[in-house]
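Take a look at the structure below.
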Amino acid sequence: MQKAFDIGLDSLFAHKDAATPESCFIADAPQRGTFYLETFGCQMNEHDSEKVAGVLLSRGYRQVDSVEAASFILYNTCSIREKAAQKVFSRLGELRETSSEPKKIGVLGCVAQQEGEKIFHRSPWVNLVCGSASYSKLPELLEQLEAGEKRVTGLDTDTDETFETELTRRDNPWRAYLTIIEGCDKACSYCVVPFTRGPERSRSSDSILRELRQLADLGYTEVQFLGQTVNSYADPSSRKMKFSELLRAAAEMPGMRRVRFTTSHPRDFGRDIVEAIESNDRICNHVHLPVQSGSTRVLRTMQRTYSRDEYLEKIAMIHESKKHIAITSDIIVGFPGETEREFDETLGLMEAVKYEGIFAFKYSPRPNTPAQSMADAIPEEEKSRRLAILLELQRKIQTEANEKLVGDFFEVHVEGKSRRENQWSGHTSCYRVVNFSSPQSDLLGSYVPVKVNSATPNCLIGEHAP
Ligand code: 5AD
Ligand code: SF4
């Protein structure tokens with residue numbers, strides 16, 4: 001993935017102190033073998049994998065961290081762009097070459113949904129193919145595999161169920177993901193998600209708040225609400241809680257210090273969300289609001305359901321807030337038919353919004369999507385040229401913005417510890433990465449004030465403030 005602003009955990013020093021898979025073994029479940037689970041793609045996939053691991057652990061499997069040590073190998077796959085989808089087939093190829101003893105192999109997630117039973121033809125050594133909309137059936141599918149069936153599938157998408165489990169094996173000991181809405185009902189012309197993840201299904205507000213309370217009881221202080229279009233949340237229960245009300249209720253949960261949410265869709269983004277952020281410091285002042293393009297014509301062919309001006313109205317609403325709210329975005333360059341002028345409109349929009357971070361992608365044609373057969377494909381080299389220009393501009397915007405923060409103080413949630421002595425890392429509420437020094441020990445998981453001494457385009461550097 002091409003990134004101009006690293007807002008991911010990969011920039012942190014990893015969670016060396018996190019609970020290991022071994023420690024999550026459920027002692028009184030029947031012992032069924034070992035599993036290795038590798039995840040590709042977005043945070044939704046990462047969190048799905050945490051839940052899949054929970055299902056396997058509660059059935060008596062033990063998680064291991066290598067293919068060699070596993071009797072059951074699972075890949076949770078991503079097909080958002082061609083390159084991501086190819087990765088899993090190369091993994092499956094490697095498995096055939098390296099594996100001498102019989103192992104069970106499962107393909108989960110978006111490639112599973114997209115390719116379906118074709119995966120069995122291409123890689124006959126695969127035993128399980130299951131898309132995310134069928135994960136609630138995983139226990140039954142596993143039972144079939146355990147009974148000796150060679151090929152098992154879960155490929156329905158016409159479900160109104162969400163994937164909820166008794167046990168979720170979370171990777172991060174401080175920040176918990178919590179999916180509040182699955183699937184997507186938008187129909188962006190370039191995107192596979194509506195095919196691979198099925199229609200929108202929201203969880204009831206009661207069940208979300210119940211899980212949040214459990215998370216607080218377990219010691220989590222930060223939650224990240226997830227959804228492909230998180231702010232399209234529609235409470236299916238009679239309570240009919242609006243998304244912004246859910247944010248407010250979550251922020252009131254004793255023990256919770258930070259409530260995040262991603263990804264917001266511009267069409268469903270209203271003033272009530274800004275007001276919720278203003279109302280409570282525990283609701284993080286960061287909105288990920290992908291624009292995709294700065295040209296109204298391109299947005300129309302992308303079927304994004306808003307124009308450049310309508311998007312900028314939403315931005316103005318955020319910029320006018322009495323609180324500083326960081327805005328980040330996703331942008332696609334080289335969509336079919338995108339002219340040089342239209343690309344310039346995207347650059348102009350970036351100058352106007354001054355995103356604090358972006359994820360930028362070269363358009364990649366995807367199966368089953370309307371854009372796949374659109375005329376005027378942009379040559380690969382031209383896409384690369386546009387991407388490089390865009391990233392350079394974003395680098396300049398971030399450098400300027402971050403340098404202005406030198407001398408400021410931020411509260412940092414400490415999530416990583418460097419091998420270098422006294423060096424720590426974490427995020428601000430607005431999701432900036434901060435690396436800082438502190439002579440104190442045991443800072444992991446705590447919230448500390450940090451004074452910013454210098455800045456790079458991708459992070460702030462500072463020291464523990466008194
Ligand atoms: N090509 C390139 N980027 C894509 N995205 C989604 N589909 C495609 C595609 N076919 C990007 C969008 C989306 C992000 C998750 O991935 O920017 O917001
Ligand atoms: Fe894909 Fe558009 Fe849905 Fe996002 S809103 S998941 S880009 S279809």
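Quick notes on this structure:
- Test: residue in the range 440-462 that is of a type in the set (Phe, Trp, Tyr) and in contact with a Pro (Cβ under 6 Å, 6 or more places away or on another chain): no
- Any hit, the range 175-184, residues being within 16 Å of ligand 1 (Cβ to nearest atom), under 29 Å from residue 427 (Cα atoms), of a type in the set (Gly, Ala, Ser) and at pLDDT 95 or above: yes
- Only one of the numbered conditions (1) over 28 Å from the mean Cα position of the chain (by Cα); (2) surrounded by fewer than 15 Cβ atoms within 10 Å (Cβ to Cβ) is violated by residue 337, and that is (2).
- Residues located in the range 188-237, provided they are in a loop (DSSP other than H, G, I, E, B) and among the hydrophobic types (A, V, I, L, M, F, W, C): 188, 191, 192, 218, 234
- When the test is whether a residue is in a loop (DSSP other than H, G, I, E, B), among the acidic types (Asp, Glu) and more than 14 Å from ligand 2 (Cβ to nearest atom), residue 345 does not pass it.
- Candidates are the residues of the range 290-300 that are more than 16 Å from ligand 1 (Cβ to nearest atom) and not polar (S, T, N, Q); the one that is surrounded by the fewest Cβ atoms within 10 Å (Cβ to Cβ) is 300.
- Helices (runs of 4 or more DSSP H) completely within the range 56-147 that count 2 or more residues being at pLDDT 95 or above: 109-115, 118-122, 138-146
- From 355, 363, residue being hydroxyl-bearing (Ser, Thr, Tyr), modelled with pLDDT of 95 or more and within 16 Å of ligand 2 (Cβ to nearest atom): 363
- Candidate set from the range 179-214 (those that are away from ligand 2 (no atom under 16 Å from the Cβ) and crowded, with 20+ Cβ neighbours inside 10 Å); member that is farthest from residue 58 (Cα to Cα): 205
- Identity of the residue in the range 245-289, of a type in the set (Gly, Ala, Ser) and over 24 Å from residue 187 (Cα atoms), that ends up farthest from ligand 1 (Cβ to nearest atom): 255
The values are calculated or read from the model by the stated rules, or taken from the named source; none is laboratory data. Every value quoted in this text rests on a predicted model; they were computed, and no experiment measured them. Here Cβ is always computed from backbone atoms with ideal geometry, including for glycine, and neighbour counts include all displayed protein chains.
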